[in-house]
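The values are calculated or read from the model by the stated rules, or taken from the named source; none is laboratory data. Keep in mind that this is a model prediction, so the values were computed, not measured. In this analysis, Cβ positions are derived from the backbone assuming ideal geometry, glycine residues included, and neighbour counts consider all displayed protein chains. Side chains included, ligands, DNA and RNA excluded: accessible areas come from the protein's heavy atoms. Shrake-Rupley method; radii C 1.70, N 1.55, O 1.52, S 1.80 Å.
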Amino acid sequence: MAKRFSQMGGNSGPTFLRMVGRDTFILTPSVTAALKRWGAIEAPVKNRKDRAAVQSCFNAWAAETGRPLCQLSLILAASIED
């Protein structure tokens, strides 16, 4: 995929995966703010190590709740007050 889609970055990958029916989360500013508020991360997600830490949080929450990653992402986004 990297050879063919060299311009993909940021949330392009997760958005594409969700579009084709794969369960994934999308790190929107609201989701990132919620992760920070609830103590899952300390700083904005910037690299693969940070994304791996977020992925493990989402995987743990999915195993605990039985909800898909896309629902957890939406719940986090809605948990932030404007």
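It is to be established whether one or more residues within the stretch 53-70 are part of a loop (DSSP other than H, G, I, E, B), closer than 18 Å to GLY10 by Cα and hydrophobic (A, V, I, L, M, F, W, C).
The answer is no; no qualifying residue exists.
Would you point out which residue out of LYS36, LYS46 is without any contact (Cβ under 8 Å) to a residue 24 or more places away in the chain and not in a helix (DSSP H, G or I)?
LYS46
Taking the conditions exactly as written (in contact with a Ser or Thr (Cβ under 7 Å, 6 or more places away or on another chain), open to solvent by 70 Å² or more (accessible area, probe 1.4 Å) and modelled with pLDDT under 90), does ARG51 satisfy them or not?
no
Taking the condition surrounded by 15 or more Cβ atoms within 10 Å (Cβ to Cβ) and not basic (Lys, Arg), does ILE26 pass?
It is true that ILE26 is surrounded by 15 or more Cβ atoms within 10 Å (Cβ to Cβ) and not basic (Lys, Arg).
What tally of residues in the stretch 16-33 results from selecting those that are free of Cβ contacts under 8 Å to residues at least 24 places away in the same chain and more than 11 Å from the chain's Cα centre (by Cα)?
6
Would you point out which residue out of ILE26, ILE41 is at pLDDT 85 or above and either assigned to a helix (DSSP H, G or I) or over 12 Å from ALA77 (Cβ atoms) (or both)?
Criteria check complete, one pass: ILE41.
Taking the stretch 54-68 only, how many residues are surrounded by 15 or more Cβ atoms within 10 Å (Cβ to Cβ) and aliphatic (A, V, I, L, M)?
The total comes to 2.
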